[in-house]
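Undergrad: Structure provided below as structure tokens; questions to follow.
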Amino acid sequence: MQDHEPTTTTEQQVPDELVRAIENNPEEVALLVERLGLVNDLIDVLELGVGALDDEMVRSLARTGTSLAEVADDAADPDTVAGMKRLLRAVGDAEEVEATPVGAVGLLRATRDPEVKAGLGYLVALAAALGAGTDEE
Amino acid sequence: MTNRIVVVGGGTGGTVVSNRLAEELASEIDDGDVEVTLVSDDTKHVYKPVFLYVPFGLAEPDDGVRDLRELVDERVNLVTNRVRRVDTDETRLYCQDGDEVIEYDTLVLATGAKLDPDAVPGFRQGAHHFYSADGAERLRDALAEFEGGRLVLSVVGTPHMCPAAPLEFTFIVDDWLRSRGLREDTDLVYTYPMERSHGKPEVAEWADPILADRGVRVETDFVVDAVDPDERVVSAESGAEVDYDLLVGIPPHRGDELITDSGLGDAGWVDVDQRTLRATAAEDVYAIGDTAALPIPKAGSAAHFQAFAVAERIAAEVRGRTPTKRYDGKTVCFVETGLDEASFVSFDYETPATMRQPSKPIHWAKHAYNESYWLTARGML
């Protein structure tokens, strides 16, 4: 926004040590110059990025990254990790069996199964924790 | 017996130290050997650096506000109450509501700095500022109506929060006025109460040519003693006066009265060992952030680094070890040099301040940091 003055360059003396180093290592200097071309290409790419971005894009990217990191922070709790693994394994196992439609009677019958009972107990505990979390908010 | 660690203050220092303690002492807390309690008189956590952008329409005050509960680890007990007094002999906190008494084994004071606009006659009536949500919004409205004249940025109170903010505001407002075609009609004046343009000599040396290049008149040794809102004049102890059309002041600050009432330090700043951050008046009390009387500016980054150091010290003490972690004075501040570029400064107790060449990537780094501040508050960064 500020009208900046153009940068002025001043002629500087090349140190003798540098001149000698270039004279004594012509192959290395040639390789360096060749690689400078790659560096310049990378700078061009960076300049393109700088030219294409604006403040809101930077803020938006950072906001998204922050939201993801906050979710990751909560998810990194060892108990949460264990719970998520348990749920994910259960989803995988459920996919392996052929699920059939179940009505009210079928649902009642299923509750006699000890594994279903244990699963329902877990879901009730999950519901209670969700409810407690809602109270806190 | 449970080791009770109590933190007072829900700002940057208090929130970060609580979260770091919860992280460091997770197993001890889960086993019931340690309790971490954060006492704050506000259910909200406010990230104040956002206020700098509000006057220019670049942010809303709510952008910097979150529920404290959302930011604090669930292992931390959160108590909403105002602590009135610390009894360091009985190791108890006396609170305002319900006569609640909280006992502690280790106490961390992070009560922060308060604005004290009435310390200078006429400031409240005559000066705008951007150190609170209301103040920043009023300044936004005043700037929107400003059509030229003399705009004065006056650093009235020192020490103050965010030491870079006065220069940042001056540089941004210069750019902002240019973008609105008002700069040629505006006489921009910057006053500072010391013999240079900033408390840090290296920062002043860096800022002076930029201020000159932008055509900002600088008045140093200008210790404001009054503002006359009717005559629109700000006057200094030396007798110097500057008249204004729009005055933006950095308000006088003070510490929390609970610190003075508890005999822990003058003006609300706790006297501490500058390396251990332990209060000189009480062995089991630490103070961090703006609350600690230290030879460094009152910056959020300092509070953040201090919180990490104190959490590590307390964790060592809880485990019966000798704490070795020390705070080295590390402070890092971004400095906006306009609407498009920024610099940053870093220093510690031993190393003088180093300023970087202003650039757009640093400006974006500041914006990116502001957006990701919530990770800092959670103790992740």
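The values are calculated or read from the model by the stated rules, or taken from the named source; none is laboratory data. Just so it is clear, the model here is predicted, and its values are computed rather than measured. When we count neighbours, we look across all protein chains shown, and the Cβ atoms used for this are built from the backbone with ideal geometry, even at glycine.
Undergrad: With the requirement that a residue be part of a helix (DSSP H, G or I), within 18 Å of the chain's Cα centre (by Cα) and either of a type in the set (Val, Ile, Thr) or surrounded by fewer than 16 Cβ atoms within 10 Å (Cβ to Cβ) (or both), what does region B:346-378 give you?
TA: B:THR376
Undergrad: Find the residue count for region B:349-378, including only residues that are within 23 Å of B:HIS45 (Cβ to Cβ), hydrophobic (A, V, I, L, M, F, W, C) and more than 9 Å from chain A (Cβ to nearest Cβ).
TA: Residues flagged as within 23 Å of B:HIS45 (Cβ to Cβ), hydrophobic (A, V, I, L, M, F, W, C) and more than 9 Å from chain A (Cβ to nearest Cβ) within region B:349-378 amount to 1.
Undergrad: Just checking, which of B:ALA309, B:ALA281, B:ALA267, B:ALA342 is within 30 Å of B:ARG84 (Cβ to Cβ) and buried (at least 20 other Cβ atoms within 10 Å of the Cβ)?
TA: B:ALA309
Undergrad: Here are A:LEU68, A:LEU46: which of them is closer than 30 Å to B:SER359 by Cβ, within 14 Å of chain B (Cβ to nearest Cβ), assigned to a helix (DSSP H, G or I) and modelled with pLDDT under 85?
TA: A:LEU46
Undergrad: Moving on to the next point. Determine which single condition B:LEU381 fails, assuming it passes every other condition in (1) buried (at least 21 other Cβ atoms within 10 Å of the Cβ); (2) within 14 Å of another protein chain (Cβ to nearest Cβ); (3) not in a helix (DSSP H, G or I).
TA: Only one criterion is unmet by B:LEU381, namely (1).
Undergrad: Working carefully through the options B:ALA212, B:ALA133, B:ALA165, find the one that is farther than 25 Å from B:ALA59 by Cα, hydrophobic (A, V, I, L, M, F, W, C) and out of contact with any strand residue (DSSP E or B) (no Cβ under 6 Å at 6 or more places or on another chain).
TA: After ruling out the rest, the residue left standing is B:ALA212.
Undergrad: Out of (1) touching a residue at least 60 places away in the same chain (Cβ under 8 Å); (2) touching a helix residue (DSSP H, G or I) at 6+ places or on another chain (Cβ under 7 Å), the odd one out for B:ARG183 is which?
TA: In the conditions (1) touching a residue at least 60 places away in the same chain (Cβ under 8 Å); (2) touching a helix residue (DSSP H, G or I) at 6+ places or on another chain (Cβ under 7 Å), B:ARG183 misses (1) alone.
Undergrad: In region B:202-233, how many residues are touching a residue at least 24 places away in the same chain (Cβ under 8 Å), farther than 25 Å from B:PRO297 by Cβ and part of a strand (DSSP E or B)?
TA: Qualifying residue count, region B:202-233: 2.
Undergrad: Residue under question is B:VAL332, and the condition is that it be in a strand (DSSP E or B), at pLDDT below 95, closer than 29 Å to B:ARG69 by Cβ and not charged (D, E, K, R); does it hold?
TA: Answer is yes for this residue.
Undergrad: Answer yes or no as to whether B:ASP118 is modelled with pLDDT of 95 or more and either more than 18 Å from the chain's Cα centre (by Cα) or of a type in the set (Ser, Thr, Tyr) (or both).
TA: Spelling it out, B:ASP118 is indeed modelled with pLDDT of 95 or more and either more than 18 Å from the chain's Cα centre (by Cα) or of a type in the set (Ser, Thr, Tyr) (or both).
Undergrad: How many residues are touching a residue at least 40 places away in the same chain (Cβ under 8 Å) and part of a helix (DSSP H, G or I) when one looks only at region B:145-172?
TA: 8
Undergrad: Anything in region B:165-187 that is of a type outside the set (Phe, Trp, Tyr), closer than 28 Å to B:TYR47 by Cα and more than 12 Å from every other protein chain (Cβ to nearest Cβ)? List them, or say none.
TA: Within region B:165-187, B:ALA165, B:PRO166, B:LEU167, B:GLU168, B:THR170 meet the criteria.
Undergrad: Looking only at region B:284-296, count every residue that is surrounded by 24 or more Cβ atoms within 10 Å (Cβ to Cβ) and closer than 21 Å to B:ALA165 by Cα and tell me the total.
TA: 6
A quick yes/no check of all residues on (1) on the phi < 0 side of the Ramachandran plot; (2) at pLDDT below 90; (3) away from chain B (no Cβ under 14 Å):
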site	(1), (2), (3)
A:GLN12	yes, yes, yes
A:LEU18	yes, yes, yes
A:ALA30	yes, yes, yes
A:ASN40	yes, yes, yes
A:THR64	yes, yes, no
A:LEU88	yes, no, yes
A:VAL91	yes, no, yes
A:PRO101	yes, no, yes
